[in-house]
Amino acid sequence: MSVTRSSRRDFLKQSLIAGSAVAMTAASWNRVLGANEKLNIASVGTGGKGWSDLLGVAASPHVNVVALCDIDESKPHLGQAAEKFPAAKRFFDYRKLLDDANSKAFDGILVSTPDHMHAPIALPAMQLGKHVFCQKPLTHTVHEARQMQTAARKYKLVTQMCNQIQSHEFYRTAVKLVHDGVIGKVKEVHSWQAGRMGWILADDRPAGMEAVPETVHWNEWLGVAAERPYLPKIYHSFNWRAWQDFSNGQLGDFGCHILDPVFSALKLTAPNSLWADAPPINKEVWTKWSTVHYEFPSTEYTAGKTINVTWYDGEGHVPANDLMGLPPGFALPGSGSVLVGEKGSLLVPHVAMPKLFPEDKYASTKIEMVAARDHYVSWADACRGVDKTTSHFDYACPLTETVLLGTIAIRMPSQTLKWNSAELKITNNDKANGLLTKPYRKGFEPAWVS
Ligand SMILES: NC(=O)c1ccc[n+]([C@@H]2O[C@H](COP(=O)([O-])OP(=O)(O)OC[C@H]3O[C@@H](n4cnc5c(N)ncnc54)[C@H](O)[C@@H]3O)[C@@H](O)[C@H]2O)c1
């Protein structure tokens, strides 16, 4: 593979090139293609989940993969993608990929990197007029999420967050059951992810450093985050989830999945307020459990003036059955939600068939399945004007903001935070308000959109 490692000189040169690409107002390129045109795509982060994102979108016969970018050139990362798409140009630095001349080659971009790099890659791409398919949670900070929504609107782009279970028949069926009034207006919701966080390998930042493998571009992996020494397995790959600089912990990892049918079913937008119960936290690692209590304004699908949605994470940390109208002894799935309605309760497992309670009452209720959609190809089709996306950024940004507000509450337990979404402000706590954004490393600062 012919990707050269970055020297300091190259790094500075690339920063300048990326800066010039971003400064160009290329919104004139953004356009929905014709139904008979091919969509040329670039994929950033081609290993891990990025591999299935790439295969999912490239499954469309109308897609050409023209560029691949990954900071790790080894087989499970850039290597296998390069083998599968040998004609695609290869990069290890997204700034180089977005360089003016290179970026003219593609219409849309897949962003499947660790969370701290989603917005720094997607925002300049959007400013170049690129349609975006981006992993969940959409961003690392609340401010970044609002920026993504602003950019998508400003440049009129086709966007999709990859909370792909939204397109599964099980989640779609659960949403329809609520919209059809089967459980009546919803009084409260409990959502949980009770799995083990196997990626927490240390309780604080480990000392020491090791040589960076030949295939890995560590400076580019860190990207916007402050420099820290390389250590194998601790961060790259997958285990970055443990660390506040790169992820938003278990709520960040699963909130945009598990809260998604709740958001869609109840048509939620932004919470009024929230608070968390969680153990003490340092500035490095996410907690091993949390409970986050959200209060949302009412909607046409809820009962009362407000509706409480409670999130639980941590191994075995689940809501009590009697809170949710479920029989004692009923074994909850490892993750999912229960929507408690005026007529009954709906269990929405992640990912399995929804179930109605009390079981006797709903024994003869026939559940009509809602057909699945293809979350990946539908984005490619929407870029060609022949479909619409469902997790576009007008939907995905408020969902992501809600999830990420929860991760602010986890960092300051037992304090009620009041949220003014229109002003993008936590109105009663300056320290929490400061956590809506974060510092960015020089050379990687995102170009913000106004
Ligand atoms: N939708 C889902 O079901 C689902 C499942 C798993 C992961 N994810 C999301 O996918 C994203 C990636 O997670 P993962 O588990 O695959 O992580 P990972 O660390 O296993 O893989 C990330 C890939 O991106 C590459 N990469 C890292 N930084 C990069 C950069 N700056 N530029 C280019 N390439 C870079 C890595 O080398 C690796 O190939 C995360 O946002 C995660 O939340 C979503």
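The values are calculated or read from the model by the stated rules, or taken from the named source; none is laboratory data. All figures in this text were calculated on a predicted structure; none of them were measured in a lab. Neighbour counts run over all protein chains shown; Cβ positions are idealised from the backbone, glycine included. Note: accessible area is taken over every heavy atom of the protein model, side chains too, but ligands, DNA and RNA are not part of it. Shrake-Rupley method; radii C 1.70, N 1.55, O 1.52, S 1.80 Å.
Please find, among 319, 358, 327, 349, the residue that is surrounded by fewer than 20 Cβ atoms within 10 Å (Cβ to Cβ), out of contact with any helix residue (DSSP H, G or I) (no Cβ under 6 Å at 6 or more places or on another chain) and under 26 Å from residue 256 (Cβ atoms).
Result: 349 is the single residue among 319, 358, 327, 349 that is surrounded by fewer than 20 Cβ atoms within 10 Å (Cβ to Cβ), out of contact with any helix residue (DSSP H, G or I) (no Cβ under 6 Å at 6 or more places or on another chain) and under 26 Å from residue 256 (Cβ atoms).
Restricting attention to the stretch 188-205, report how many residues are in a loop (DSSP other than H, G, I, E, B) and either touching a Pro at 6+ places or on another chain (Cβ under 9 Å) or open to solvent by less than 50 Å² (accessible area, probe 1.4 Å) (or both).
7
Of (1) within 13 Å of residue 396 (Cα to Cα); (2) within 14 Å of the ligand (Cβ to nearest atom); (3) part of a helix (DSSP H, G or I); (4) of a type outside the set (Lys, Arg), residue 116 satisfies all except one. Which?
With respect to (1) within 13 Å of residue 396 (Cα to Cα); (2) within 14 Å of the ligand (Cβ to nearest atom); (3) part of a helix (DSSP H, G or I); (4) of a type outside the set (Lys, Arg), residue 116 is out only on (1).
Would the stretch 173-187 turn up any residue that is part of a loop (DSSP other than H, G, I, E, B), within 16 Å of the ligand (Cβ to nearest atom) and at pLDDT 95 or above?
No: zero hits.
Please enumerate the residues belonging to the stretch 130-157 that are within 16 Å of the ligand (Cβ to nearest atom), outside any loop (DSSP other than H, G, I, E, B) and either open to solvent by 10 Å² or more (accessible area, probe 1.4 Å) or of a type outside the set (Asp, Glu) (or both).
Across the stretch 130-157, the qualifying residues are 132, 133, 134, 135, 145, 148.
Evaluate the following for residue 214: is it touching a Phe, Trp or Tyr at 6+ places or on another chain (Cβ under 7 Å), in a loop (DSSP other than H, G, I, E, B) and open to solvent by 20 Å² or more (accessible area, probe 1.4 Å)?
The answer is no for residue 214.
Quick one: how many residues across the stretch 46-82 are more than 6 Å from the ligand (Cβ to nearest atom), surrounded by fewer than 19 Cβ atoms within 10 Å (Cβ to Cβ) and among the charged types (D, E, K, R)?
1
Residues to consider are 39, 98; find the one that is modelled with pLDDT of 95 or more and within 15 Å of the ligand (Cβ to nearest atom).
Result: 98 is the single residue among 39, 98 that is modelled with pLDDT of 95 or more and within 15 Å of the ligand (Cβ to nearest atom).
Can you name the condition, by its number, that residue 87 falls short on among (1) more than 10 Å from the ligand (Cβ to nearest atom); (2) touching a Ser or Thr at 6+ places or on another chain (Cβ under 8 Å); (3) not charged (D, E, K, R)?
The failed condition is (2).
Taking residue 259, is it under 26 Å from residue 49 (Cβ atoms), within 16 Å of the ligand (Cβ to nearest atom), in contact with a strand residue (DSSP E or B) (Cβ under 6 Å, 6 or more places away or on another chain) and aliphatic (A, V, I, L, M)?
Here the answer is yes, as residue 259 does meet what is asked.
Do the conditions hold for residue 208, that is, is it buried (at least 20 other Cβ atoms within 10 Å of the Cβ) and either at pLDDT below 95 or out of contact with any strand residue (DSSP E or B) (no Cβ under 7 Å at 6 or more places or on another chain) (or both)?
no
Which residue is farthest from the chain's Cα centre (by Cα), if the candidates are limited to the stretch 87-111 and must be basic (Lys, Arg) and part of a helix (DSSP H, G or I)?
Going through the qualifying residues, I end up with 96.
If the requirement is being open to solvent by 30 Å² or more (accessible area, probe 1.4 Å) and within 15 Å of the ligand (Cβ to nearest atom), which of these qualifies: 233, 283, 267?
When all the criteria are applied, what remains is 233.
So, in the stretch 236-264, how many residues would count as being more than 22 Å from residue 282 (Cβ to Cβ) and surrounded by fewer than 20 Cβ atoms within 10 Å (Cβ to Cβ)?
Final tally of qualifying residues: 1.
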